[in-house]
Amino acid sequence: MKCFIHNNQDSLGTCKYCNKGICQNCMVDTGMGLACKDDNCKNEVRFLNDLIENNKKIYSKMSKNSLIPNLYTLIFGLIFLGFHFFIKNDIFILAIGSFLLAFSILQYFYTKKYVKSMKTNFNE
Ligand SMILES: [Zn+2]
Ligand SMILES: [Zn+2]
């Protein structure tokens, strides 16, 4: 394939956005892939890369830091509540169960808020 601007030059790659062949003089390395020098293409490729990177960050943060502890808290809360209702009527067990359940719900909303704020930062 030849460069779409310089017909006498072999293309060394293709623009990730418009898929045209580009020579060394025409390519821009966005860090995650090649784009041609068209401003729209550069911006689109950067935007897509940022989007992918941002989603990865949010996903790893959510799964590593928030959702797994949240799940444990929820399960322990339900175990305590189940113990209270089905095995032994105990106000302390009920209190602990309710606290864990409330905590896991609060944590869930905090996580959602955090993810939302990450998205807002990204859009600015
Ligand atoms: Zn392009
Ligand atoms: Zn060229």
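Of all the listed residues (I79, I58), the sole one being in contact with a helix residue (DSSP H, G or I) (Cβ under 7 Å, 6 or more places away or on another chain), touching a residue at least 12 places away in the same chain (Cβ under 8 Å) and away from ligand 2 (no atom under 16 Å from the Cβ) is I58. Whether any residue in the range 67-79 is within 13 Å of ligand 1 (Cβ to nearest atom), in a helix (DSSP H, G or I) and at pLDDT 90 or above is what I want to check. No, because not a single residue in the range 67-79 is within 13 Å of ligand 1 (Cβ to nearest atom), in a helix (DSSP H, G or I) and at pLDDT 90 or above. Within the range 31-47, does at least one residue satisfy the condition of being part of a strand (DSSP E or B), modelled with pLDDT of 90 or more and among the charged types (D, E, K, R)? Taking every residue of the range 31-47 in turn, none turns out to be part of a strand (DSSP E or B), modelled with pLDDT of 90 or more and among the charged types (D, E, K, R).
Just a yes or no: is a residue in the range 9-29 over 24 Å from the mean Cα position of the chain (by Cα), of a type outside the set (V, I, T), more than 12 Å from ligand 1 (Cβ to nearest atom) and not in a loop (DSSP other than H, G, I, E, B)? Yes; the residues of the range 9-29 include at least one that is over 24 Å from the mean Cα position of the chain (by Cα), of a type outside the set (V, I, T), more than 12 Å from ligand 1 (Cβ to nearest atom) and not in a loop (DSSP other than H, G, I, E, B).
The values are calculated or read from the model by the stated rules, or taken from the named source; none is laboratory data. Computed from a predicted structure; not experimentally measured. As a convention, Cβ positions derive from the backbone with ideal geometry for all residues, glycine included, and neighbour counts pool all protein chains shown.
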